[in-house]
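Data first, discussion second: the structure below is written as structure tokens.
The values are calculated or read from the model by the stated rules, or taken from the named source; none is laboratory data. Every value quoted in this text rests on a predicted model; they were computed, and no experiment measured them. Reconstructed Cβ throughout: ideal geometry from the backbone, glycine too, with neighbour counts over all protein chains shown.
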Amino acid sequence: MEKSYPIPTSFCVFPFYVEETNFNLNKTRARQSVLFYEDMLEALNVPNSKPWLAPQNYVPELFQQWKQINLHLSDLYKRRDRQAAKPLMIQQIAQLIQVIFWTNGVPVANLDQLNCILDQLQYKPVNSSERLSFIVAEPDHFQSYNQLKALFEEAEKMYYKIIAKNRQ
């Protein structure tokens, strides 16, 4: 039986959670289907895998997922199908936010003050808070897709640069 948890109010932010009020605890498919799954569990003080403590085990997987979905998004935008692209864009925006936070070794604590928190993080793409604000405001626009693609590329380079630096 799946256990249901309330979505923390700090995560009830457009476009991620507008009407939903609960999410289900299902470890086998939750990370793919529930945005900010581990982060929300942490906010609720529920035991979770704490991926920000071992980003090397989780962040590369998020980059791989992006690369697969990016191909699909590219095709959707070529066909000018913004409606079909929107849920995938929202999912990938959430994953990019997780990549940035987890790379810094912290969970996504809330979304209602995302820009303030982003500005305080040590590792992040250049102008990430301004660029994410643009993307979040209009997640289905082609320009948002281009910005998201660029942010993922920059975040990935930054992540592997940090990994290489820490090995020395």
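Tabulated data
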| read-out | value |
| --- | --- |
| When residues of segment 3-41 are limited to those that are farther than 16 Å from Asp112 by Cβ and of a type in the set (Asp, Glu), the one modelled with the lowest pLDDT | Glu19 |
| Residue, nearest to the chain's Cα centre (by Cα), within segment 85-114, restricted to residues that are more than 24 Å from Ala54 (Cα to Cα) and surrounded by 15 or more Cβ atoms within 10 Å (Cβ to Cβ) | Ile90 |
| Leading residue by the ranking (surrounded by the fewest Cβ atoms within 10 Å (Cβ to Cβ)) among those in segment 142-158 that are touching a residue at least 60 places away in the same chain (Cβ under 8 Å) and among the charged types (D, E, K, R) | Lys149 |
| Where Tyr17 falls short, out of the listed (1) in contact with a helix residue (DSSP H, G or I) (Cβ under 6 Å, 6 or more places away or on another chain); (2) in contact (Cβ under 8 Å) with a residue 60 or more places away in the chain; (3) not in a helix (DSSP H, G or I) | (2) |
| First in segment 122-135 and over 12 Å from Ile97 (Cα atoms) and free of Cβ contacts under 8 Å to residues at least 24 places away in the same chain, second anywhere and of a type outside the set (Gly, Ala, Ser) and outside any loop (DSSP other than H, G, I, E, B), Cβ under 7 Å, 6 or more apart | Phe134/Gln147 |
| Segment 54-71, residues that are assigned to a loop (DSSP other than H, G, I, E, B) and over 11 Å from Gln95 (Cβ atoms) | Ala54 |
| Residues (closer than 21 Å to Trp52 by Cβ, more than 14 Å from the chain's Cα centre (by Cα), among the aromatic types (Phe, Trp, Tyr) and part of a helix (DSSP H, G or I)) located in segment 115-166 | Tyr159, Tyr160 |
| Qualifying residue in segment 86-93 (condition: among the polar types (S, T, N, Q), under 23 Å from Asn24 (Cα atoms) and at pLDDT below 95) | no |
| Count - residues of segment 117-141 that are surrounded by 13 or more Cβ atoms within 10 Å (Cβ to Cβ) and either among the aromatic types (Phe, Trp, Tyr) or under 14 Å from Lys86 (Cα atoms) (or both) | 8 |
| Unmet criterion (only one of (1) more than 20 Å from Val59 (Cβ to Cβ); (2) in contact with a Phe, Trp or Tyr (Cβ under 7 Å, 6 or more places away or on another chain); (3) assigned to a helix (DSSP H, G or I)) for Leu76 | (2) |
